[in-house]
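Participant: One structure follows; several queries about it will come next.
Every read-out reported here was derived from the displayed coordinates using simple, explicitly stated rules and does not represent laboratory data. What you see is a predicted model, and the numbers here were worked out from it, not measured in a lab. Using ideal geometry, Cβ is built from the backbone for each residue, glycine included, and neighbour counts are taken over all protein chains shown.
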Amino acid sequence: MSILGTRVLRTEDPGFLTTGGVYTDDVVDERLAGACHVFFVRSPIAHARIRSVDVSAALRAPGVSAAFTGADLAGLPLLAAPMPGMIDERMGQPLLARDVARFVGEPVAVVITDDPYQGEDAAELVDVDYDPLPPVIDLADAAGGEAGVLFPDADTNVAASFGDAAGLSSDLFDGCDVVVTRTIVNQRVAPAPMETRATAAVWGEDGRLTAWIPNQGAQGTRTALAEMLGIDPAGIRVITPDVGGAFGAKFGADPEHAVVCWVARRLGRAARWAETRNENLVAMTHGRAQRQTVTIGGGRDGTVAAYRLEILQDAGAYARFGAFLPALTILMAPGPYAFGRAEAVGKTVVTNTTPVGAYRGAGRPEATAAVERAIDLFAAEIGMDPADVRRKNLLPKFTEPHTTAFGAVYDSGDYPAALEKVLAAADYQSLREDQAKRRAAGDVVQLGIGMSCYVEITGPGMEAGGPRENATVEIHPDGSATILTGTSPHGQGHATVWAMLASDELGIPVDRITVKWGDTDLIPEGGGTGGSRSLQQGGAAVQQASRELIDVARQRAADELEANAADLVFDAGRSAFAVAGDPEASVPLARLAADERLFVRTVFTAPGPTFPFGAHVAVVGVDTETGKVVLRRVVAVEDAGTVVNPLLAEGQRHGGIAQGAAQAFLEEVIYDADGNPLTATFADYPFLSATEVPSFELADMATPTSYNPLGAKGIGEAGTIGSTPAVQNSIIDALAHLGVRHIDMPASPQRVWRALQSAPGAAVFSSTGAGSNESRDA
Amino acid sequence: MQVQLTVNGQARSDDVEPRLLLVHYLRQRCGLRAANVGCDTTSCGACTVLLNGRSVKSCTMLTVQAAGQDVTTAEGLAADGQLHPVQQAFRQEHGLQCGFCTPGMVMAAVGLLAENPHPTEAEVREGLEGNFCRCTGYHNIVRAVLAAADATAAGMTP
């Protein structure tokens with residue numbers, strides 16, 4: 001029986017559970033002996049001209065060996081904006097601010113000490129003379145340029161435009177019985193991986209840099225470092241230690257990583273940096289940060305005739321990956337629906353806030369949130385059950401690729417089945433009955449039922465000729481095997497799953513297979529882990545390499561057994577070749593590796609990205625007197641094709657659901673009008689805890705893709721994409737009978753309470769103890 | 001100043017700066033790097049260790065405050081190469097992904113079960129409120145703690 005599809009426990013766990021992982025700050029290496037520590041001095045002002053930076057007092061502090069400012073690094077290139085030609089390249093980020101600081105938390109200088117505590121002390125002695133400039137914080141102000149511009153050379157805050165807003169059809173909604181439009185906020189959130197950013201760097205006598213950095217793909221990190229340092233990538237070795245979560249925010253490299261490497265070269269001494277959580281919350285890229293205007297129109301029978309999405313994206317102070325997010329949102333704008341007509345345009349602006357980058361889902365949760373909110377707004381307007389509106393408008397099941405109006409090619413899907421499955425699993429009808437009773441009784445705690453349908457894109461790849469990944473599989477004479485992969489796990493469990501894939505082909509036990517990643521000298525090429533690409537491309541490459549290895553070994557076995565290769569059968573149970581009809585005449589793979597190395601490196605190329613889909617139902621209790629939301633249930637159908645290890649796939653789903661739900665009712669990065677971050681510590685940022693979520697209910701559905709032999713699509717971001725709108729919709733649904741149509745995320749008690757106060761039906765609850773004696777503890 | 005304490009059963013005596021946090025002492029001086037620093041506000045619990053059997057956040061204690069006391073880190077939990085029932089349950093239930101919160105989460109769970117050997121799901125969630133995890137959504141962590149409680153009730157030594 002195949003090991004694939006079974007709940008194999010992770011091989012990496014014993015280490016994590018006993019000695020703990022070896023994260024960058026844990027790395028002990030003789031090359032790092034005597035390393036100095038780098039501490040960043042960061043701007044406390046959102047927008048200011050830097051008149052001078054005086055490090056003299058800091059240099060006299062105990063343990064300080066050096067200090068550097070933007071002027072010292074002025075010869076280095078900017079961290080370039082992504083997608084040249086699409087994003088304004090004048091809006092790249094300097095490694096240390098030079099003449100102007102553009103967000104609170106921007107690195108301005110570094111102090112170098114023998115001990116990290118000394119760095120924290122000495123950083124306070126760096127005297128920076130700031131001349132404040134008008135901060136540009138509000139998105140609309142930024143777009144109009146009224147509040148000033150961040151980059152005078154560009155003379156605009158617009159970093160990129162996606163589609164022509166002036167070219168939107170004037171007749172898109174002609175013929176609609178009902179048209180609803182609303183501007184909604186997909187708020188800025190912090191990826192906040194538990195491990196903050198870090199670097200350990202040393203330059204060898206050969207002039208090469210070795211850098212340990214927590215990342216999502218050592219090869220991409222090497223490229224980014226090379227660009228920022230202005231050197232040949234061949235001169236850099238990036239090593240990826242264990243990585244304590246990433247969620248999109250550890251792709252490539254940040255200015256701080258490059259500065260630490262630069263310091264190590266300048267001082268001829270190994271250098272280390274481990275950021276504080278405060279630094280992490282103000283200087284690691286944030287996610288989402290879109291203002292969306294949705295317009296939806298159709299008939300009173302529930303048929304949606306037209307949908308329009310207009311996006312205003314906040315890139316933060318510099319154009320990084322966040323500037324590109326509208327492209328992904330637009331690609332997925334109509335989601336799983338068969339709208340008659342759809343349009344989407346976007347514009348990205350810079351503001352004096354932390355730069356925005358990828359965050360779990362990166363552009364697709366924003367698309368789903370917009371369309372799912374629009375569907376509910378439409379359903380409320382025509383007075384139809386939101387489930388019925390979805391039923392009417394979902395694309396029917398398809399088995400041949402379906403091309404959307406936005407150019408996405410959905411590989412396979414059965415969206416109506418996912419919706420019916422989740423409604424059944426949630427017992428939707430009973431929930432509505434329960435809700436009706438509470439409404440009739442006027443309970444203080446009202447029940448909300450929300451849903452979402454989604455389709456997302458995974459494994460998009462950036463390369464021409466189709467998304468791809470490489471893998472090497474080698475058999476050793478002792479019967480063990482090693483896999484080299486271009487993916488880069490940080491919690492996903494590739495060490496276990498890649499071993500399962502090879503084991504299934506080669507008959508070598510999982511615990512005898514070592515999986516290696518994240519060393520650019522060992523594995524020079526690779527796409528890393530992000531966009532939920534790893535299994536469908538990296539895993540497929542491991543399987544392909546294993547199969548090709550059997551072919552290579554077959555010829556050697558034929559020579560060894562003096563038989564015709566065509567007469568040999570591979571017996572995975574014994575990990576050996578045998579002559580057909582004569583099982584005694586056999587040779588194990590291990591022996592074939594004894595005389596000559598037995599390995600295959602291969603590249604798997606997919607025909608394109610895949611499009612996982614699903615549907616969520618969320619159930620909340622909302623206290624109509626206090627606005628407090630209690631998330632009671634999340635039921636999720638997430639179809640990501642064939643599942644290789646259900647235990648790990650479920651783990652991805654749980655984590656995604658929680659992160660998405662947290663955006664709906666808890667998490668938000670907040671700035672005041674001057675650009676001061678008000679959520680710069682874990683005491684202020686409402687990071688989701690165990691008490692704020694229930695256990696989740698997962699229903700399985702697996703529609704294989706034909707785009708890889710495994711039949712697998714990506715699962716890493718599904719939960720985040722589906723749960724945010726389901727939870728948001730459920731909160732609004734709880735108050736729908738009072739006339740509440742929309743509450744922006746996060747639906748904090750204050751926002752919910754305010755929505756109730758201004759709702760037409762709120763008076764019902766203004767008297768005391770209305771209705772029932774039901775406990776407030778929803 | 002000189003401080004004497006017991007770490008994972010071993011008596012130690014070290015000269016430390018008075019302001020040295022216990023977590024940094026464990027990581028830098030003892031070479032015990034399972035406990036991690038995940039925040040600077042006593043919020044996340046990645047640094048949780050046991051002090052005389054009760055879970056504490058080692059980022060919020062000075063080393064000198066642990067003088068004369070008994071500190072247990074995740075490294076000191078497994079005995080004779082056998083995972084502790086809580087560690088075993090975390091593996092069995094897939095209660096960890098990236099692993100960064102894990103040593104602290106496990107120690108918090110051990111502390112929780114010492115105080116309340118048969119917690120309900122709600123009690124587990126409340127007991128772990130001070131330990132953050134970004135990967136698991138807490139689902140499998142809660143299952144793991146409940147499973148560890150069951151395993152302990154079934155006769156395994158905590």
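Participant: Size of the stretch B:60-109 along its principal axes in angstrom, Cα-based, largest extent first?
Facilitator: Ordered largest first, the stretch B:60-109 gives principal extents of 37, 25, 14 Å.
Participant: Distances longer than 15 Å among the Cα atoms of the stretch A:311-402: what percent of all pairs is that?
Facilitator: 65 percent
Participant: Next question, about the same structure. Give the average, rounded to an integer, of partner chain Cβ atoms located within 10 angstrom of each Cβ in A:24-36.
Facilitator: Per residue, the number of nearby Cβ atoms from other chains is 1 on average.
Participant: Sequence gap at least 6, Cα distance under 8 Å: using those rules, report the relative contact order of the stretch B:1-156 to the nearest whole percent.
Facilitator: That works out to 24 percent.
Participant: Here is a further query. Which order do peptides A:379-385, B:67-73 fall in by mean Cβ count within 10 Å, highest first?
Facilitator: B:67-73, A:379-385
Participant: Follow-up. Beyond 19 Å, what share of the Cα-Cα pairs of the stretch A:133-230 remains, rounded to the nearest whole percent?
Facilitator: 72 percent
Participant: If the only charges are +1 at each Lys and Arg Cβ and -1 at each Asp and Glu Cβ, what is the size of the charge dipole of chain B around the Cα centre, to the nearest 20 debye?
Facilitator: So the dipole magnitude of chain B works out to roughly 320 debye.
Participant: Mind checking A:192-198 for the average number of partner chain beta-carbons within 10 Å of each residue's beta-carbon?
Facilitator: 6
Participant: So for the pair A:M462, A:T514, with labels modelled 7 Å out along Cα→Cβ, what separation do we get in nm?
Facilitator: 3.1 nm
Participant: Using DSSP to define loop residues, name the trypsin sites (Lys or Arg not before Pro) in the stretch A:235-309 whose beta-carbon has at most 15 other beta-carbon atoms within 10 Å.
Facilitator: Passing both the DSSP loop test and the Cβ count: A:R300.
Participant: Only helical DSSP H runs with n ≥ 4 go in: add -39500 (n - 2.57) per run for chain A, normalise by residue count and round the 222 nm mean residue ellipticity to 500 deg cm²/dmol.
Facilitator: Helix-only estimate at 222 nm: -8000 deg cm²/dmol.
Participant: Hey, what did the stretch B:85-153 get for relative contact order, percent, Cα under 8 Å, at least 6 apart?
Facilitator: Relative contact order of the stretch B:85-153: 53 percent.
Participant: Then there's this: If each residue's Cβ is checked for other Cβ atoms within 10 Å, how do A:Y23, A:Y130 rank with the fewest at the top?
Facilitator: Starting with the residue having the fewest Cβ neighbours, the order is A:Y130, A:Y23.
Participant: May I ask you to list the trypsin sites (Lys or Arg not before Pro) in the stretch B:1-82 that are in a DSSP loop and have at most 15 other Cβ atoms within 10 Å of their Cβ?
Facilitator: Answer by residue number: B:R19.
Participant: So for the stretch B:85-153, what percent of the C-alpha to C-alpha distances run longer than 18 Å?
Facilitator: Cα-Cα pairs in the stretch B:85-153 separated by more than 18 Å: 21 percent.
Participant: Pick out, from A:G248, A:P725, B:P18, the residue whose Cα sits farthest towards the positive end of the charge dipole of the protein assembly as shown, with +1 on the Cβ of Lys and Arg and -1 on the Cβ of Asp and Glu.
Facilitator: Ranked along the dipole, the leading option is A:P725.
Participant: With everything on Cα atoms, drop me the angle between helix B:102-115 and the longest principal axis of chain B, reported from 0 to 90° to the nearest 10.
Facilitator: With both axes taken from Cα atoms, the answer is about 80 degrees.
Participant: Just how far, in whole angstrom, is the stretch A:452-516 from the stretch B:61-123 if you go by their alpha carbon centroids?
Facilitator: 31 Å
Participant: Can you list the DSSP H helices in chain A whose Cα atoms extend at least 30 Å along the helix axis and whose mean Kyte-Doolittle hydropathy is -0.5 or higher?
Facilitator: A:540-561
Participant: Of A:K250/A:K347; A:K392/A:K421; A:K397/A:K713; A:K421/A:K628; A:K421/A:K713; A:K347/A:K397, which ones are farther than 23 Å apart at the Cα?
Facilitator: Pairs exceeding 23 Å: A:K250/A:K347; A:K421/A:K628; A:K347/A:K397.
Participant: Right, here's the next one. Over the Cα atoms of the stretch A:468-605, each weighted equally, I'd like the Debye log10 I(q)/I(0) at q = 0.11, 0.20 Å⁻¹, rounded to two decimals.
Facilitator: -0.39, -1.06
Participant: Given an 8 Å cut-off on Cα distances and at least 6 residues of separation, report the relative contact order of chain A as a percent.
Facilitator: RCO, chain A: 15 percent.
Participant: In Å and from the alpha-carbon atoms only, list the Rg and Dmax of the protein assembly as shown.
Facilitator: Gyration radius and largest Cα-Cα distance of the protein assembly as shown: 28.1, 93 Å.
Participant: Residues of A:5-17, mean number of Cβ from any other protein chain within 10 Å of their own Cβ, rounded to a whole number?
Facilitator: 5
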